[in-house]
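Working notes for the structure below.
The values are calculated or read from the model by the stated rules, or taken from the named source; none is laboratory data. Because the structure is predicted, anything quoted here is derived from the model rather than measured. When we count neighbours, we look across all protein chains shown, and the Cβ atoms used for this are built from the backbone with ideal geometry, even at glycine.
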Amino acid sequence: MRIERARELGLCHGVRRAVDMLREATTRHGPLETLGPVAHNNVLVHELTALGVTSVDSLDRIRGPVVAISAHGAAPSVTRELERRGLTIVDTTCPTVARAQRVAEGLANEGFTIVIFGDAGHTEVKGLLGWAGERSLAALDIAGLPLEGRAEAFQRVAVISQTTQRVAEFTSFAKDLCGKLLQGTEEFRVVNTLCCATQRRQESAAELARRVDVMLVIGGRHSANTRRLAETCSALVETYHIETADEIEEARVRGKGHVGITAGASTPDSSIELVERRLREL
Ligand code: SF4
């Protein structure tokens with residue numbers, strides 16, 4: 001059995017940087033809390049828990065004097081509240097997410113109504129909505145947007161994306177929205193806020209999936225970017241989304257001459273190495 005890794009896989013620079021910052025912060029301050037999970041990956045979360053990093057899901061649950069903002073970022077109102085409480089803040093917002101936040105803020109200051117292509121329940125999108133101002137909206141489908149009877153709000157419209165979405169879907173969302181709104185609109189602007197790390201993982205996974213007999217996609221079940229990698233690969237070859245090496249079922253890889261591996265942007269190196277080792281044992 002030949003085992004081949006995708007050219008780019010696993011921890012992206014944003015999550016790697018956040019994890020390094022948290023490690024350093026625990027050395028300096030001791031145990032700390034993060035607002036929301038550092039990443040949607042149980043293995044990584046357990047590794048950090050062992051260092052004293054725990055996550056809380058709301059401001060009300062924060063107990064300690066040190067709190068970290070996750071790589072997905074937060075709305076400015078959240079940061080202001082943490083400051084008001086006098087907490088020490090470790091801001092691990094990924095620079096790519098921070099750029100999207102600055103874009104949203106700049107467009108809102110210019111008077112645009114901002115439409116975010118993304119999952120409105122995701123931490124990053126909640127944060128972006130905070131930067132994009134009161135009139136902003138977020139959805140994955142234009143059918144989910146309250147567009148009717150709001151002509152005034154849509155005189156100047158700007159579309160941005162959650163960083164981890166796919167380029168083809170963002171393009172089609174922006175096109176559909178433009179088709180729907182352009183007639184009554186003075187200006188329609190699209191700003192590319194997608195993350196290159198996610199795109200490169202998608203492209204590398206697809207390139208490998210075309211050449212192998214089976215693909216294993218390693219990463220958290222709740223990780224949006226891992227799920228999208230699995231969707232991309234499934235369209236090209238037999239694919240299994242697994243969180244850990246224990247989930248590899250021998251029957252699925254038996255007789256396969258060439259096995260491809262990729263991993264989401266929040267999957268730690270240790271998970272990838274354990275999957276490779278398990279495949280070699282099989
Ligand atoms: S996927 Fe991209 S935007 Fe998200 S944390 Fe990683 S580098 Fe940053």
Practice prompt. Mind listing whichever residues of the stretch 123-141 are surrounded by fewer than 18 Cβ atoms within 10 Å (Cβ to Cβ), on the phi < 0 side of the Ramachandran plot and touching a helix residue (DSSP H, G or I) at 6+ places or on another chain (Cβ under 7 Å)?
Written response: Arg135
Worksheet item: When you go through (1) surrounded by 14 or more Cβ atoms within 10 Å (Cβ to Cβ); (2) part of a helix (DSSP H, G or I); (3) in contact with a strand residue (DSSP E or B) (Cβ under 6 Å, 6 or more places away or on another chain) one by one for Leu182, which number turns out not to apply?
Response: (1)
Item to complete: Only residues that are over 11 Å from Asp213 (Cβ atoms) and without any contact (Cβ under 8 Å) to a residue 12 or more places away in the chain: list them for the stretch 247-260, please.
Response: Glu247, Glu249, Ala251
Fill in: Test: residue in the stretch 146-158 that is crowded, with 17+ Cβ neighbours inside 10 Å and polar (S, T, N, Q)
no
Worksheet item: Can you pull out the residues in the stretch 139-176 that are more than 16 Å from the ligand (Cβ to nearest atom) and within 11 Å of Ile116 (Cα to Cα)?
Response: Ala139, Leu140, Asp141, Ile142, Leu145, Val157, Ala158, Val159, Phe173, Ala174
Worksheet, complete the sentence: All-but-one check, Gly127 against (1) within 14 Å of the ligand (Cβ to nearest atom); (2) under 21 Å from Gln202 (Cβ atoms), failing number (2)
Worksheet item: When the residues of the stretch 204-221 are filtered to those that are within 15 Å of the ligand (Cβ to nearest atom) and in contact with a helix residue (DSSP H, G or I) (Cβ under 9 Å, 6 or more places away or on another chain), which remaining residue is modelled with the highest pLDDT?
Response: Ala205
Discussion item. It is to be established whether one or more residues within the stretch 90-104 are surrounded by fewer than 16 Cβ atoms within 10 Å (Cβ to Cβ) and either more than 21 Å from the chain's Cα centre (by Cα) or away from the ligand (no atom under 15 Å from the Cβ) (or both).
Written reply: no
Discussion item. List the residue pairs whose Cβ atoms are under 7 Å apart, where the first residue sits in the stretch 145-163 and is under 27 Å from Ala224 (Cα atoms), the second is within 16 Å of the ligand (Cβ to nearest atom) and of a type in the set (Ser, Thr, Tyr), and the two are 6 or more positions apart or on different chains.
Written reply: Ile160/Thr193; Ser161/Thr193; Thr163/Thr96; Thr163/Thr193; Thr163/Thr198
Worksheet item: Looking at Arg17, Arg23, Arg28, which one is without any contact (Cβ under 8 Å) to a residue 12 or more places away in the chain, over 23 Å from Glu247 (Cα atoms) and not assigned by TED's automatic domain parsing to the domain that holds Asn225?
Response: Arg28
Fill in: the stretch 193-205 residues that are on the phi > 0 side of the Ramachandran plot, paired with ones that are assigned to a helix (DSSP H, G or I) and more than 9 Å from the ligand (Cβ to nearest atom) (beta carbon under 9 Å, 6 or more apart)
none
Worksheet item: Could you list, in sequence order, the residues of the stretch 38-54 that are of a type in the set (Gly, Ala, Ser) and either farther than 21 Å from Gly219 by Cα or more than 16 Å from the ligand (Cβ to nearest atom) (or both)?
Response: Ala50, Gly52
